[in-house]
Amino acid sequence: MNEDTAAASAAQSRVGKKPDTSEPTVTAKRAPIIVCRKIVRSFWRAKERLDVLDELDLDIPEGSFEALMGPSGSGKTTLLNLIAGLDRPTAGTLTVAGTEVSAMGDAALAKWRSQTIGFVFQHFNLIPVLTALENVELPLLLTSLGSSERKKRAQIALRVVGLEDRMHHRPQQLSGGQEQRVGIARAIVHDPRIIVADEPTGELDRKSADDVLTLLERLNKEFDKTILMVTHDPAAAERATVVRKLDKGKLL
Amino acid sequence: MTLTSLSIKNIGHNWLRTILTVVGTAIAILSFVLIRTTLSAWEAGVDNAAQDRLSTIHRVTFVMPLPKRYFDEFNGARGRIDGVDVATFVNWVGHKHPVRETEFFATLAVDTATYFDVYPEMSVAPDRLAAWKENRQGAIIGEALAKQFGWSLGDEVTLLGTIYPGDWKYRIEGIYVATKKSVDRAQFLTHWSYLNDSLPEGQRDMIGWVASTVTDASRAADISAAIDTKFDDQDVQTRTMSEKALTMEFLGGASAILGALDIVSLVIMGIMMLILGNTIAMGVRERTHEYGVLLALGFRPKHIATFVVGEGLTIGLLGGGLGLLISYPLVEQGMGRWLEENMGAYFPYFSIPTSVAALALGMAVVLAGVAALVPAYSASKLDVITALRRIG
């Protein structure tokens, strides 16, 4: 058992789940964790209504790794924001992880996000005044965990992404690839069921991008995380188990 | 890491700006402390005035003299006033140093027999007191005045007369020390009899005011009225008041300046609050994207508002603390000592009152918190998606 596997086992046993490394892809056979029904998201520009998402239906099974592609303005990020609970649809119903998020209030939605969703951003979005460990610990501040337990979990998450030796470094002391791995550690530290990644390799060179995608694959396969990734990069999309294309607010 | 430590760490986003803001706050606090300490020192005489001591002056103004015979009716040769314990009299002489004319100090011609009985908070060695009483040209001076002009026991001193023209020669026979902080430690006390005998016949036997202690401080008002009634039907009427009231009357001319200083000190704090508010608002604008990230992670608007207010409070605390850290050595060791030694007549005791230090620190923290309220409110109203889109 190598160190990463040990870290993974530690992380899994902590959250009460068993790693499943034997089944590479199980997406098609499992129940959907994300269910969109006739989702409409409209914005108003001056007096003109713009339907960015137009009666979109979508089912994403639990444990899948899906890539969402499409030209700029096709509605990818808008859909991702809706699924992540950052926004609400204008019409339609959206059920994520068994909760109808389209009907939730702000406070409930924030709490739900903090428990259900892990975010990986294009620009990493680490807090510059905090160390890698403190950045990873951030989502746990919203839990009832004690200080030492929070720290321990953050260390495990950093071990999973291979950055345990950089835990006391600040973001400006890390490379872009390392920053994104810290971002991924932050996304998984609270053990969310779903990870949403908005152009996670957009700021990285090929080598770093491959490392990040490999890490996402691991999280999907070994930790059974459902991953929804918005990307323009065909090489990144190839790593997903399902690639969906969106254009003018509709799935192709 | 905790939510509180995260709030405090936020001040590290832009160290240069944080340091400049903290230093700016510290300077504002220093100014506030200096002004408030000056006001406090100025008013120390009033605050610490003896409760059992009365002053009897000419009814019109304290500048006009009283006949010396009035004193004899207090508890002297011509009579006694019920309730008066000990009385003495004083005459303002207004001498100046012949070279350093601009350096003010009080020169008083006093009744050597009774003066130190009425003012026991001015302590002088018994042998020096006796020597002073023996020498009609003797003088007792305050320790601060001795230090100011480098005078010591036995020195022959010539002062320049103003109210009473001419050169006035004295010999330093004693140096008094103050046992209460309200006492002017820079007085020059001479014999009234020496002054009186030196004046032309028509100007003799006049005194400035009578100071008397009463046996029961709670009866001070009644005794004051009794004194004034006693002289009602004489050629010069009197006005008797507590020492505190007289001191306030002395300071009355300066009340407008004191009031202005009071306002200036508050204006300084107001400016400090605006600077803090601007700095915090700039930080909030720059970190909009970061707040968006925190909101996405599940932090609530109340958390964001708390972070902003916490940052303001931290800066206020640091600025206030630094301001006091600078103020104490500057005032207690430097400026305060200099003022006491060189302007002891105005500032007999120049030291930062604990209440002023506490008020300064409290105001720095509270005003910083208030300054952060508007930026905190703005930050708490951020829309998560809009905030995430904002770069820089």
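The values are calculated or read from the model by the stated rules, or taken from the named source; none is laboratory data. For clarity, every value in this text was computed on a predicted model and none was experimentally measured. Neighbour counts run over all protein chains shown; Cβ positions are idealised from the backbone, glycine included.
Of the candidates B:V22, B:V90, B:V63, the single residue that is closer than 30 Å to B:V309 by Cα and away from chain A (no Cβ under 14 Å) is B:V22.
Only one of the listed residues (B:I280, B:I315, B:I326, B:I304) is surrounded by fewer than 19 Cβ atoms within 10 Å (Cβ to Cβ) and within 28 Å of B:V23 (Cα to Cα). That residue is B:I326. Got a sec? Which strands (runs of 3 or more DSSP E) wholly within the stretch A:44-119 have at least 1 residues that are farther than 23 Å from A:K225 by Cα? Ranges flagged: A:48-61, A:91-96. Among residues of the stretch B:53-76 that are without any contact (Cβ under 8 Å) to a residue 40 or more places away in the chain, those with a beta-carbon under 8 Å from a residue that is basic (K, R) at least six positions away or on a different chain give the pairs B:D72/B:R78. Only residues that are surrounded by fewer than 16 Cβ atoms within 10 Å (Cβ to Cβ) and within 29 Å of B:Y70 (Cα to Cα): list them for the stretch B:95-120, please. Those that are surrounded by fewer than 16 Cβ atoms within 10 Å (Cβ to Cβ) and within 29 Å of B:Y70 (Cα to Cα): B:A113, B:D117, B:P120. Filtering A:R193, A:R206 for residues that are among the charged types (D, E, K, R), closer than 30 Å to A:G98 by Cα and either in contact with a Phe, Trp or Tyr (Cβ under 6 Å, 6 or more places away or on another chain) or surrounded by fewer than 24 Cβ atoms within 10 Å (Cβ to Cβ) (or both) leaves a single hit, A:R193. Considering the stretch A:158-252, the qualifying strands (runs of 3 or more DSSP E), each wholly inside and each with 1 or more residues that are over 16 Å from the mean Cα position of the chain (by Cα), run over A:242-247.
In the stretch A:130-153, how many are assigned to a helix (DSSP H, G or I), more than 9 Å from every other protein chain (Cβ to nearest Cβ) and either within 22 Å of A:L213 (Cα to Cα) or without any contact (Cβ under 8 Å) to a residue 12 or more places away in the chain (or both)? Within the stretch A:130-153, residues that are assigned to a helix (DSSP H, G or I), more than 9 Å from every other protein chain (Cβ to nearest Cβ) and either within 22 Å of A:L213 (Cα to Cα) or without any contact (Cβ under 8 Å) to a residue 12 or more places away in the chain (or both) number 6.
Residues checked against (1) away from every other protein chain (no Cβ under 14 Å); (2) in contact (Cβ under 8 Å) with a residue 24 or more places away in the chain; (3) out of contact with any strand residue (DSSP E or B) (no Cβ under 8 Å at 6 or more places or on another chain):
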position	(1), (2), (3)
B:V236	yes, yes, no
B:M248	yes, yes, yes
B:A254	yes, yes, yes
B:G259	yes, no, yes
B:V264	yes, yes, yes
B:R285	yes, no, yes
B:T288	no, yes, yes
B:G292	no, yes, yes
B:P301	no, yes, yes
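Check the stretch B:70-79 and report whether any residue there is modelled with pLDDT of 90 or more, surrounded by fewer than 19 Cβ atoms within 10 Å (Cβ to Cβ) and not in a loop (DSSP other than H, G, I, E, B). No, the stretch B:70-79 contains no residue that is modelled with pLDDT of 90 or more, surrounded by fewer than 19 Cβ atoms within 10 Å (Cβ to Cβ) and not in a loop (DSSP other than H, G, I, E, B).
For the structure I just gave you, tell me whether B:I275 is of a type in the set (A, V, I, L, M), loosely packed, with under 14 Cβ neighbours inside 10 Å and at pLDDT 85 or above.
Criteria not met by B:I275.
Annotation for the stretch A:42-49: no member residue is surrounded by fewer than 21 Cβ atoms within 10 Å (Cβ to Cβ), closer than 17 Å to A:F119 by Cβ and within 14 Å of chain B (Cβ to nearest Cβ). Exactly one residue out of A:A97, A:A108 is hydrophobic (A, V, I, L, M, F, W, C) and either more than 16 Å from the chain's Cα centre (by Cα) or within 13 Å of chain B (Cβ to nearest Cβ) (or both): that is A:A108. For the stretch B:5-18, which residues satisfy the criterion of being surrounded by fewer than 16 Cβ atoms within 10 Å (Cβ to Cβ) and more than 10 Å from chain A (Cβ to nearest Cβ)? Hits for the stretch B:5-18 are B:L16, B:R17.
Among the candidates B:I35, B:I81, the residue that is among the hydrophobic types (A, V, I, L, M, F, W, C) and more than 32 Å from the chain's Cα centre (by Cα) is uniquely B:I81. Here B:I385 clears all of (1) out of contact with any Ser or Thr (no Cβ under 7 Å at 6 or more places or on another chain); (2) more than 14 Å from chain A (Cβ to nearest Cβ); (3) hydrophobic (A, V, I, L, M, F, W, C) except the condition numbered (2).
Here A:Q122 clears all of (1) more than 7 Å from every other protein chain (Cβ to nearest Cβ); (2) in a helix (DSSP H, G or I); (3) surrounded by 17 or more Cβ atoms within 10 Å (Cβ to Cβ) except the condition numbered (2). Residues that are within 13 Å of chain B (Cβ to nearest Cβ) and without any contact (Cβ under 8 Å) to a residue 24 or more places away in the chain occur at least once in the stretch A:72-88.
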